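Asker: Questions regarding the structure given below will be posed in turn.
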Amino acid sequence: MNPVSQRETPIQTVRGMHDILPGKSADVIRIETKAREVFSRFGYQEIRTPVLESTDLFERAIGQTTDIVEKEMFTLKDRGERSLCLRPEGTAGVVRSLIENGLLNQSAAVKLFYVGPMFRAERPQKGRYREFIQIGSEYFGNASPAADAETIHLVLEILRSAGIESVETRLNSIGCGECRPKYLEQLLQFLKGKSPELCRDCQNRMERNPLRALDCKEDSAKLSDAPKPQDHLCENCRSHFETLKKLLRAAGIQFEIVSNLVRGLDYYTRTVFEIYPLEKTGSQDALAAGGRYDKLVEELGGEPTPAVGFALGVERVLNQIAEEKEEASAVSKGIFVAAMGEPAMEKSFQLMSQLRSRGFTAEGTLNQQSLKSQMRLADKLAMRFCLIIGENELKENFATLRDLKNQSQEKVPFDQIETALKQRLEI
Ligand code: AMP
């Protein structure tokens, strides 16, 4: 056989990785461009750090007992047998860079943002990929709750600029080095009491990282009466949290306190938050998340520096926009004008033109088809209402208004058609 004629098996993307094809890349660029505009309004500058970092960095920053470090890192050895990782998140690399480049000594506050790919070997599913793009910010050197409030406002503005307004902001405080150890002791006692009922992950991590049990999806019902961080905050953490809530309210930002919100990364202190799409679209995944991490710079070898930040998943934002668009187009506002017989043509045409001039989406065949085939077309065009004009209607000056969704029908005088449609379409 001629080997030239043999086709090679095509090579596919690695599991969980995906191409951003030409149509989609424009959407990604649009989101990134909008985010950059918002960052600039809030006084943030861009930083770009390498995709590859030493494994130690993430083990130290994110925590040995987190899902990311335990199960999800893409780790490889270089030729010198050094362990390297494809970054699973952005904050650790940014902090490493600031310390390495001495940037924290130059001014009191440093406000940075990043945009780029992150890698986590999670089980692939919709909204959960092994390579995904995050947009994030880090605000260093400001311990005030105003920086937390600004960060939350910043994420909401970025989402809004991307076209997502209906979101729920979930908020909690998980305390600091002073109050958390005492709280964790109490939590551990509680978990030990429940130990036989808990999942293997929770049992394994209980001693090393009891807080993680609180956001375990498998055990959430069993742990609903576990002690909550919020009830064990020290005076400083409580006052920080109270001021944050006040600032958010003053800025008109709505939020929900979710007392078992702890986040999957160990570096957080005090404020943690997650932003979800509002329930109607049914997505269970957070669009963005973040919080304060006052100890991380120090833990990675820098001067003690308070900090707060967030990260948003670009693919999740795009999925959400697509779902909202689908929903909006599913609720059609179109009106089909059906004419029965030659004499009704003129009135139907006049009605259709009038509706179009007044901003309605209107359609009609006007070529003497049977009512049945006109209704079939209305259905195909996903119209919401149909106005039927026939001999009777012309004689008595009304149109038959049929609701194509629930198939109800009523008579509406010609001069009240616009009002009737506006009411029913809620416009
Ligand atoms: P995290 O870094 O875990 O706090 O996540 C912050 C945001 O990044 C999430 O709210 C998601 O929007 C996004 N994200 C995290 N993990 C993934 C993933 N595996 N696939 C897609 N987006 C993700």
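The values are calculated or read from the model by the stated rules, or taken from the named source; none is laboratory data. Just so it is clear, the model here is predicted, and its values are computed rather than measured. So basically every Cβ, Gly included, is an ideal-geometry build from the backbone, and we count neighbours across all protein chains shown. The accessibility values were calculated without ligands, DNA or RNA, using every heavy atom of the protein model including side chains. Shrake-Rupley method; radii C 1.70, N 1.55, O 1.52, S 1.80 Å.
Asker: Starting from the exponent 0.38 and prefactor 2.2 Å, build the expected Rg for the range 1-59 from its residue count and divide its actual Cα Rg by it.
Answerer: 1.97
Asker: Report the charge-dipole magnitude of the chain in Debye, nearest 20, computed about the Cα centre from +1 at each Lys and Arg Cβ and -1 at each Asp and Glu Cβ.
Answerer: 440
Asker: Return the long-range amide H neighbours of residue 294 (sequence gap of 5 or more, or a different chain), with a cut-off of under 5 Å between placed amide H atoms.
Answerer: Those qualifying (amide H under 5 Å, at least 5 residues apart or on another chain) are 269, 307.
Asker: Compare the peptides 142-154, 409-421, 198-210 by average per-residue count of other Cβ atoms within 10 angstrom and give them in order, highest first.
Answerer: 142-154, 198-210, 409-421
Asker: How about residue 24: which aspartates and glutamates have a C-alpha closer than 13 Å to its C-alpha, ignoring those fewer than 8 places off in the same chain?
Answerer: Output for residue 24: 32, 315.
Asker: Given a cut-off of 26 Å, name the pairs among 228/295; 34/77; 192/245; 217/325 whose C-alpha atoms lie farther apart than that in the structure shown.
Answerer: With Cα atoms farther than 26 Å apart: 34/77; 192/245; 217/325.
Asker: Counting Lys and Arg as +1 and Asp and Glu as -1, each charge on the Cβ, what is the dipole of the range 227-375 about the Cα centre in debye, to the nearest 20?
Answerer: Here the range 227-375 has a charge dipole of around 600 debye.
Asker: Show me 340-348, 56-64 ranked by packing, highest mean number of other Cβ atoms within 10 Å first.
Answerer: Highest to lowest by the protection proxy: 56-64, 340-348.
Asker: Using the 4.7 Å Cβ rule, please list in number order the cysteines from the chain without any candidate partner.
Answerer: Those would be 85, 176, 199, 202, 216, 237, 386, since no other cysteine Cβ in the chain comes under 4.7 Å of theirs.
Asker: Among 349-358, 250-259, 11-20, how do they line up by average Cβ neighbours within 10 Å per residue, starting with the highest?
Answerer: 349-358, 250-259, 11-20
Asker: Place a +1 charge on the Cβ of each Lys and Arg in the range 110-244 and a -1 charge on the Cβ of each Asp and Glu, then give the dipole magnitude about the Cα centre in debye, rounded to the nearest 20.
Answerer: With Lys and Arg at +1 and Asp and Glu at -1, about 580 debye.
Asker: May I ask for the Rg/Rh ratio of the chain, computed from Cα atoms with Rh as the Kirkwood radius, given to two decimals?
Answerer: That ratio is 1.13, to two decimals.
Asker: Can you compute the modelled spin-label distance between residue 12 and residue 239, with each label point 7 Å from Cα toward Cβ, in nm?
Answerer: 5.9
Asker: Using a 1.4 Å probe, what is the accessible area per residue for the range 216-267, in Å²?
Answerer: Result: 55 Å² per residue.
Asker: Here's something else I'd like to know. For the range 122-220, take every pair of Cα atoms, bin their distances at 5 Å starting from 0, and report each bin as a whole percent.
Answerer: Reading the bins upward from 0: 2, 9, 13, 14, 15, 17, 16, 11, 3, 0.
Asker: At a Förster distance of 60 Å, what's the computed FRET efficiency of residue 128 paired with residue 353, Cβ-Cβ distance as r, to 0.05?
Answerer: 0.75
Asker: Give the carbon-plus-sulfur fraction of the accessible surface of the chain in %, rounded to a whole number; probe 1.4 Å, heavy atoms of protein chains only.
Answerer: Carbon plus sulfur share of accessible area: 47 percent.
Asker: Give me Rg/Rg_expected for the range 174-229, where Rg uses Cα atoms only and Rg_expected = 2.2 N^0.38 Å with N residues.
Answerer: 1.03
Asker: A follow-up question, please. What is the P(r) of the range 74-122, as percent of Cα-Cα pairs per 5 Å bin from 0?
Answerer: Over the range 74-122, the share of Cα pairs per 5 Å bin runs 5, 16, 21, 19, 18, 12, 7, 3, 0 percent.
Asker: Below 8 Å, C-alpha to C-alpha, sequence gap of six or more: please give me the relative contact order for the chain in percent.
Answerer: Relative contact order for the chain comes out at 14 percent.
Asker: What percentages, rounded to whole numbers, describe P(r) for the range 72-174 computed over all alpha carbon pairs with 10 Å bin width beginning at zero?
Answerer: 12, 31, 37, 17, 3
Asker: Next up: Compute the relative contact order of the range 101-140 as a whole-number percentage, counting only Cα pairs closer than 8 Å that sit 6 or more residues apart in sequence.
Answerer: RCO, the range 101-140: 45 percent.
Asker: If you look at just the Cα atoms of the range 282-427, how large are its Rg and its Dmax in Å?
Answerer: Taking only Cα atoms of the range 282-427, I get Rg and Dmax of 26.1, 88 Å.
Asker: Suppose we look only past 22 Å in the calculated P(r) of the range 1-110. What percent of the Cα-Cα pairs does that tail hold?
Answerer: 58
Asker: Assuming R0 = 51 Å, can you tell me the calculated FRET efficiency for the pair residue 406 and residue 81, based on Cβ-Cβ distance, to the nearest 0.05?
Answerer: For residue 406 and residue 81, the calculated efficiency is 0.15.
Asker: Please give the length that would be gained between residue 395 and residue 27 if that part of the chain were fully extended, namely 0.36 nm times their separation in residues minus their C-alpha to C-alpha distance (nm, one decimal).
Answerer: Result for the pair: 127.1 nm of gain on full extension.
Asker: Would you work out which of 234, 203, 186 lies farthest towards the positive end of the dipole of the range 184-253, given +1 charges on the beta-carbon of Lys and Arg and -1 on that of Asp and Glu, about the Cα centre?
Answerer: Positive-most Cα among the choices belongs to 234.
Asker: What whole-number volume per residue, in cubic angstrom, does the convex hull of the C-alpha atoms of the range 225-362 give?
Answerer: 192
Asker: Here is a further query. Based on the Cβ-Cβ distance of residue 379 and residue 221, what FRET efficiency does E = 1/(1 + (r/R0)^6) give at R0 = 35 Å, to the nearest 0.05?
Answerer: The calculated FRET efficiency here is 0.20.
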